[in-house]
Amino acid sequence: MATDQDIWKAIEEIQEQGKTINLFLPDTLANAKLFWNGFNCQHCGCCCQGNTLLVEDGILISKEETISLANLLKISKHQFKDRYTITKEGQRLMKYPCPFYNLPSRTCNIYLHRPFVCRSYPINITTIEQNPGRYLDGRPLLTASSSCPESRRVAFEILKRSRDRAAASGKP
């Protein structure tokens, strides 16, 4: 059986290759609460600087979010699109690195208005169709991005607790 150190090493090797993986957690309200209660953003900027590839090449942004941010910046939606976004495979993406991340202060200049993808990061809801072979009784999976150092730490704590509970109950 792989040790926690083996798993961490494998994840780090995958990331050194420029790839991102998701850490699968049982999709329960208890695990979601555990994740968010244990998660403390370190403001490292990994998610804002293109190190996560939530959607390759950029941050997914809706039409409504585009209009809202254009209004916030007091520019037209067309100016916003030209300046800050790209289109890939029919999806509107805010360019990486995020133009609203302030690297010196490690803050988001549009924090209260940031896109949904940013607000929910590093948690993703993943369907079985997107991840064949990963399932929980046909329900969606709760996944935490391995690109976020804090996400990795909290996800492994949850997985350890689940493993320890299973061992205590005698279940495999």
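Only residues that are of a type in the set (Phe, Trp, Tyr) and modelled with pLDDT under 75 were counted across the range 153-170, and they come to 0. Checking each residue in the range 17-53 for being farther than 17 Å from residue 153 by Cβ, modelled with pLDDT of 75 or more and either touching an Asp or Glu at 6+ places or on another chain (Cβ under 9 Å) or surrounded by fewer than 17 Cβ atoms within 10 Å (Cβ to Cβ) (or both) picks out only 49.
Looking only at the range 73-94, filter to residues that are charged (D, E, K, R) and at positive phi; which one of those is farthest from the chain's Cα centre (by Cα)? If we take residues in the range 73-94 being charged (D, E, K, R) and at positive phi, then 74 is farthest from the chain's Cα centre (by Cα). Taking the criterion of being surrounded by 13 or more Cβ atoms within 10 Å (Cβ to Cβ) and more than 19 Å from residue 44 (Cβ to Cβ), the residues of the range 95-114 that qualify are 95, 113.
Every residue, every condition in (1) within 21 Å of residue 72 (Cβ to Cβ); (2) at pLDDT below 85; (3) touching a strand residue (DSSP E or B) at 6+ places or on another chain (Cβ under 7 Å), yes or no:
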| site | (1), (2), (3) |
| --- | --- |
| 100 | yes, no, yes |
| 105 | yes, no, no |
| 109 | yes, no, yes |
| 114 | yes, no, yes |
| 117 | yes, yes, yes |
| 123 | no, yes, yes |
| 132 | no, yes, no |
| 139 | no, yes, no |
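Of the listed requirements (1) part of a helix (DSSP H, G or I); (2) under 19 Å from the mean Cα position of the chain (by Cα), residue 97 misses just one: (1).
The values are calculated or read from the model by the stated rules, or taken from the named source; none is laboratory data. These numbers come from a predicted model, not from an experiment. Quick reminder, even Gly has a Cβ in these numbers, built from the backbone with ideal geometry, and neighbours come from all protein chains shown.
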